1. Within segment 43-67, can you find the residues that are part of a loop (DSSP other than H, G, I, E, B) and in contact (Cβ under 8 Å) with a residue 40 or more places away in the chain?
2. Tell me which of these Arg2 doesn't satisfy, since it passes every other one: (1) surrounded by fewer than 18 Cβ atoms within 10 Å (Cβ to Cβ); (2) part of a strand (DSSP E or B); (3) basic (Lys, Arg).
3. So, in segment 15-42, how many residues would count as being in a strand (DSSP E or B) and within 12 Å of the chain's Cα centre (by Cα)?
4. Taking only pairs six or more apart or across chains, which ones have beta-carbon atoms under 9 Å, a first residue in segment 70-89 that is over 12 Å from Val38 (Cα atoms), and a second residue that is of a type in the set (Asp, Glu) and crowded, with 17+ Cβ neighbours inside 10 Å?
5. Listed residues Arg66, Arg71; which is basic (Lys, Arg) and touching an Asp or Glu at 6+ places or on another chain (Cβ under 7 Å)?
6. Select from segment 19-34 the residues that are modelled with pLDDT of 95 or more and farther than 12 Å from Ala53 by Cβ and write down the one among them that is surrounded by the fewest Cβ atoms within 10 Å (Cβ to Cβ).
7. If I go through segment 43-68 residue by residue, how many of them are over 10 Å from the mean Cα position of the chain (by Cα) and either buried (at least 16 other Cβ atoms within 10 Å of the Cβ) or on the phi > 0 side of the Ramachandran plot (or both)?
Amino acid sequence: MRFHDHQELDVTVVAVAPVGAKVEVDGCDGAFGFIDQVKHPSWWDENTAPPHAGEKLHVCVLDATREPFPRLSALQNDIDIARRLRGDA
């Protein structure tokens, strides 16, 4: 799968580290991305649980060229910005 900046995706968390979470794009075996800890809602809201394996998230692509995995965000504000940049909002 080829990622594009500002694209929206549904993903599942497959691994968690102190710096963020590796996710797999739903329906696309082998298409992975990474959500930095500050791009998960739990970083900003103490009432939101941290990411865990199996968690389903809706995300947007922040940097499709980042290696080894594209950088994603699960923050609603970033998703709203992506929609505006695509002209969907």
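The values are calculated or read from the model by the stated rules, or taken from the named source; none is laboratory data. Given the structure is predicted, the values throughout are model-derived calculations rather than measurements. Using ideal geometry, Cβ is built from the backbone for each residue, glycine included, and neighbour counts are taken over all protein chains shown.
1. Ala53, Gly54, Glu55, Ala64 - these are the residues of segment 43-67 that are part of a loop (DSSP other than H, G, I, E, B) and in contact (Cβ under 8 Å) with a residue 40 or more places away in the chain.
2. (2)
3. The number of residues fulfilling the criteria is 11.
4. If the second residue must be of a type in the set (Asp, Glu) and crowded, with 17+ Cβ neighbours inside 10 Å, no pairs are left.
5. Arg71
6. Val19
7. Summing the residues that are over 10 Å from the mean Cα position of the chain (by Cα) and either buried (at least 16 other Cβ atoms within 10 Å of the Cβ) or on the phi > 0 side of the Ramachandran plot (or both) in segment 43-68 gives 4.
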